[in-house]
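Notes to accompany the following structure.
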């Protein structure tokens, strides 16, 4: 029995030693080198007043990890990009099928390439190409704006209020319906926002006793418990009625930093402007955002197979896509 125990200890010790040697003896030169790629995000629509292009560098799987910033950021409720580093010195060109083109300048304080849409109007049914020449590589992507938009036919708006020790929190609840554009493939998503006056009250960290007012816009998040999805297609549903998930827009009591002072935001009790949007998207937009949505909902579960994130950006990552929006504004 003693000999058996000694043999087991020797085997276990040898196993542990071999495992440690695997970790400590592999030279860094033998590890695969991570390569940065250009990550491009741009979403165009005939209804938008600005054309926004975001260029960043991807974070290689292996290499030095930059702890600055966050893992991903959302721009305009559309763009999801990994912040490996902003690319500021690129040459970005947008063109259409008629060989018309324009350069999009970089706006440093926005860390984004921005163009007033009136200088290069986006048209329904037109095909656009974007090219970006950067120090780490050149990328290119193409998309076509959907020819039509789906009109919002019915909506429902409600509110709830909760009391807290330092104020009252108001939440808007929205749902709306639209009819599918018949006899063509369609992909949809939705947006909603509330723009309202908020009363900013000083906190204990702010020695200024005066209150101030600000107009603030809050955006909806979508709860899919009513079995409606945030991204929907009309496969097997051509010409039918579509509905949004449950939309919630909380007017957060979040701390707001204004002029280097700290304030708590409270609803001012006045009329609010609610903006409801249904987006008829191209397949690039639908595939990309739906895949990101599914991956984010898995919450790092190691037993769930990850969904590959598609891209239509040649030689890079990200998404260049188009939408055609129907917008309804309601004063509530």
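Since every read-out is calculated from the coordinates, none of them should be taken as a lab result. Since the model is a prediction, treat every value here as computed from it, not as a measurement. In this analysis, Cβ positions are derived from the backbone assuming ideal geometry, glycine residues included, and neighbour counts consider all displayed protein chains.
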Protection proxy (average C-beta count within 10 Å per residue), highest first, orders 258-264, 285-291 as 285-291, 258-264
The range 152-279: relative contact order from alpha carbon pairs under 8 Å, six or more residues apart, as a whole percent, is 35 percent
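List 201, 270, 305, 277 from most exposed to least, where exposure is judged by having the fewest other Cβ atoms within 10 Å.
Taking fewest neighbouring Cβ atoms as first place, the list is 305, 270, 201, 277.
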Whole Å is fine, so just give me how far the alpha carbon centre of the range 153-205 lies from that of the range 240-292. 6 Å
Return the FRET efficiency for the residue pair residue 151, residue 118: r is the Cβ-Cβ distance, R0 is 30 Å, and the value is rounded to the nearest 0.05. 0.75
One finds, for residue 161 and residue 223 with R0 = 22 angstrom and r their Cβ-Cβ distance, a FRET efficiency to the nearest 0.05 of 0.75
Per the 1/(1 + (r/R0)^6) rule, R0 = 41 Å and r from the Cβ atoms of residue 133 and residue 329, FRET efficiency to 0.05 is 0.55
What distance in nm separates the two pseudo spin-label positions at residue 304 and residue 258, each 7 Å out from Cα along the beta-carbon direction? 3.9 nm
What nm value, rounded to one decimal, do you get for the distance between residue 184 and residue 211 when each label is placed 7 Å out toward the C-beta? 5.1 nm
Kindly rank 179-192, 214-227 from highest to lowest mean number of other beta carbons found within 10 Å of each residue. 179-192, 214-227
Based on a Kirkwood Rh over C-alpha pairs, give the Stokes-Einstein translational diffusion coefficient of the range 152-279 at 10 °C and viscosity 1.306 mPa s in µm²/s. 96 µm²/s
Can you check what the Kirkwood hydrodynamic radius comes to for the range 249-311, Cα pairs only, in Å to one decimal? 16.2 Å
